[in-house]
Structures are given as C-alpha cells and as structure tokens.
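Enquirer: Take a look at the following structure, please.
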Amino acid sequence: MPNLKYLGHSCFLLSANNIKIIFDPFLTGNPANIMQANEVNPNYILVSHAHGDHLGDGIEIAKRTGATAISTFEVANLFIEEGCNAHGMHLGGKYNFDFGSVKIVPAFHGSGVAGGHACGFVVDFFGTKIYFAGDTCLFGDMMLIGKLGIEYALIPIGDNFTMGPEDALSAVKLIHPKVVIPMHYNTWPLIAQDPKAFEEKINSFCTTKVEIMNPGDNLDIIF
Ligand code: NI
Ligand code: MN
C-alpha cells in the first residue's frame, strides 16, 4: 500500500513498490525538522517552483542520489546546469514514468526563475491520482483538474503567499477530491492557520475527507 509521509511545509515523501517521490524537498531550514537532506533517498524529485521553501535541498539530493528531478523546463534546467538528472516538462504536459504518470498543471505564483511558471502536479501513482497544488491562489480551472478524478488533493491553506482557508474551501468544491490534505501553513507565524477550523468548514459543505497531517505523520494511500 502506498505511503505518504509529511515532512512539513509543502514537503511530502510518497512511496510504494521501491519507488520514492519527494515533493518540494525543503528540509534544511524547515522548522519541522523531520528529516535531513542526507537522509532521503528518492527516485524522483518533483519541484513546483524554485522558491527556497520548495526547491529547497533538491539539487543537493539529486547530486547525491542520482534522482530525476521533474519540473517545468526552466526549473529542470537549474538541475541540468548542476549536472543532475532532470526531466523538463511544461503546463498541460503529461508523461509516463515507471510508477505511472505526471501531468503538469498551472499554479498562479512566481516561478523563482526567469521566464518560468510555477506549477502543480497531477501524479498517477500506481493507479491513485494525487493533485499536489504547489503554491497557488484559487483559480476556476481547478474544476478541470477535478475532472481528472482526484483522490488526494494537497493544497495550501496558509494565506499571505498562497490561498488561505476560505479560498481553499472553494478549491475543494471545484476539485471534489476524496481526501484533502492541507499544507503550507504553520511553518512560520506569517502563515499560521487552524487546520481544525478548515476541517469543520469542509465537513459542513461536502463529503471530502480532511486529513490533517502533522509533520512526521504517515498516511496509507487507500484508493
Ligand atoms: Ni513560493
Ligand atoms: Mn512557498
């Protein structure tokens, strides 16, 4: 059964069948301090954009492990310039990997690299569809992402830099995932939020289950 481990902020480790994917590998300087950059051994590194709290230790991990970075072309080039393996894609593009597929979807946010665009990912991981939204505001086309049939949606609720809880509620209504996992909150006081209040709001509107993960928590992926 696939396992999702939360490493704090927007960093998650998804694993099954000897394949490990790390999302937005911000470990050094991450106040959650669950794992160190030299302790993770992913096969793939998915990077939504090049801000420090998302690109994080990605290049160092790729250099040490030989993992393949997957991102938009401009962010993938940051890895290639450092001699790392990277697979550049772009908005709307989907590609098959040995675990399933990755589709790059838009995120409305800075990319952190000239000419680039922030992104989210829809990952088909051994048959389970996971939407990792990255850093983004609410946008109406999340409805179209929802039409892909999302089982798990990982969405930011921290506000200030991304959508806050109110817009995240609207996002859930557009995406209709089976499970929503809030992220990108409580890392610093600036993005402090109450995930329980978010859960109660969701519960009063729809059947989507809220899984509040504390840094270090593991979740069985059951769909
Ligand atoms: Ni950002
Ligand atoms: Mn961020």
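The values are calculated or read from the model by the stated rules, or taken from the named source; none is laboratory data. All of these numbers come straight from a predicted model, not from anything done at the bench. When we count neighbours, we look across all protein chains shown, and the Cβ atoms used for this are built from the backbone with ideal geometry, even at glycine. Surface areas here come from the heavy atoms of the whole protein model, side chains and all, with no ligands, DNA or RNA. Shrake-Rupley method; radii C 1.70, N 1.55, O 1.52, S 1.80 Å.
Enquirer: Relative contact order for the chain: what percent, with Cα pairs under 8 Å and sequence separation of 6 or more? It would help to have the intermediate numbers written out before the result.
Expert: On the way: 556 pairs, mean separation 38.1, N = 223.
This gives 17 percent for the chain.
Enquirer: Next up: Kindly provide log₁₀ I(q)/I(0) values, in the same order as q = 0.12, 0.13, 0.21 Å⁻¹, from the Debye equation applied to equal alpha-carbon scatterers of segment 1-63.
Expert: Computed log10 I(q)/I(0) values: -0.24, -0.28, -0.74.
Enquirer: Can you give me the three principal axis dimensions of segment 130-202 from its C-alpha atoms, in Å, biggest first?
Expert: Sorted largest first, the three principal extents are 35, 22, 18 Å.
Enquirer: Show that you can apply the helix-only estimate: for the chain, add -39,500 (n - 2.57) for every DSSP H stretch of four or more residues, divide by all residues, and state [θ] at 222 nm to the nearest 500.
Expert: -6000 deg cm²/dmol
Enquirer: By per-residue mean of other Cβ atoms within 10 Å, what is the highest-first order of 111-124, 27-40?
Expert: The most tightly packed comes first, giving 111-124, 27-40.
Enquirer: Quick check on segment 58-133: take the gyration tensor over C-alpha atoms, sort the square-rooted eigenvalues as a ≥ b ≥ c, and tell me if it's rounded (a/c under 1.5), prolate or oblate. Walk me through the numbers on the way to the answer.
Expert: Details: a/c = 2.09, a/b = 1.14, b/c = 1.83.
Cα axes put segment 58-133 in the oblate bin.
Enquirer: Determine the percent antiparallel among the DSSP beta bridges restricted to segment 50-144, to the nearest 5.
Expert: Counting DSSP beta bridges with both partners in segment 50-144, the antiparallel share is about 75 percent.
Enquirer: Calculate the dipole size of the chain relative to its Cα centre from +1 charges on Lys and Arg beta carbons and -1 charges on Asp and Glu beta carbons; express the result in debye to the nearest 20.
Expert: Charge dipole, the chain, about its Cα centre: 500 debye, nearest 20.
Enquirer: Straight-line reach from residue 201: which aspartates and glutamates have Cα under 13 Å away, leaving out those fewer than 8 places along the same chain?
Expert: 166, 167
Enquirer: What is the P(r) of segment 1-123, as percent of Cα-Cα pairs per 10 Å bin from 0?
Expert: 15, 50, 33, 2
Enquirer: Which FRET efficiency value, to the nearest 0.05, do you get for residue 137 and residue 192 by plugging their Cβ-Cβ distance into 1/(1 + (r/R0)^6) with R0 = 30 Å?
Expert: The value I calculate is 0.95.
Enquirer: Next question. What accessible area per residue, rounded to a whole number of Å², is obtained for segment 61-127 using a probe radius of 1.4 Å? Each step should come with its number before you reach the end.
Expert: Values: 2790 Å² over 67 residues.
Per-residue value: 42 Å².
Enquirer: Nearest 5 percent is fine: what portion of the DSSP beta bridges confined to the chain is antiparallel?
Expert: Details: 28 of 49 bridges.
Counting only bridges with both partners in the chain, antiparallel ones make up about 55 percent.
Enquirer: For segment 99-159, what is the Kirkwood hydrodynamic radius in Å, using each pair of distinct C-alpha atoms?
Expert: 12.1 Å
Enquirer: Going down the table (20/147; 103/209; 20/209; 63/94; 173/209), which pairs top 22 Å between alpha carbons?
Expert: The pairs that break the limit, which is 22 Å between Cα atoms, are 20/147; 103/209; 20/209; 63/94.
Enquirer: Between segment 101-122 and segment 22-98, how many Å separate their Cα centres?
Expert: So the two Cα centres are separated by 13 Å.
Enquirer: Moving to a separate point now. Compute the convex hull volume of the Cα atoms of the chain, divide it by the residue count, and report the result per residue in Å³ as a whole number.
Expert: Dividing the Cα hull volume of the chain by its residues yields 104 Å³.
Enquirer: Ignoring ligands and nucleic acids, what accessible area does residue 141 show with a 1.4 Å probe (Å², nearest 10)?
Expert: We get 90 Å² for residue 141.
Enquirer: While we're on this one: Provide 174, 154 ordered by accessible surface of protein heavy atoms (probe 1.4 Å), highest first.
Expert: 174, 154
Enquirer: Could I ask something else about it? Residues of segment 166-183 with amide nitrogen under 12 Å from the 7 Å Cα-to-Cβ point of residue 205?
Expert: 166-177, by backbone N distance to the label point.
Enquirer: Which one, 96, 85, 43, has the greatest fluctuation when you compute a Gaussian network model over the chain with C-alpha springs under 10 angstrom?
Expert: Ranking 96, 85, 43 by mean-square fluctuation puts 96 first.
Enquirer: With the full set of protein chains in place, find how many percent of the accessible area of the chain is carbon and sulfur; take the probe as 1.4 Å.
Expert: The C+S portion of the solvent-accessible surface of the chain is 50 percent.
Enquirer: May I pose another question? Applying 1/(1 + (r/R0)^6) with R0 = 25 Å to the Cβ-Cβ distance of residue 64 and residue 18, what FRET efficiency is obtained, to the nearest 0.05?
Expert: Values: r = 18 Å, r/R0 = 0.73.
Efficiency for this residue pair is about 0.85.
Enquirer: Sticking with this structure for a sec: Highest GNM mean-square fluctuation, the chain, Cα pairs closer than 10 Å: which of 101, 48, 204?
Expert: The residue that fluctuates most here is 204.
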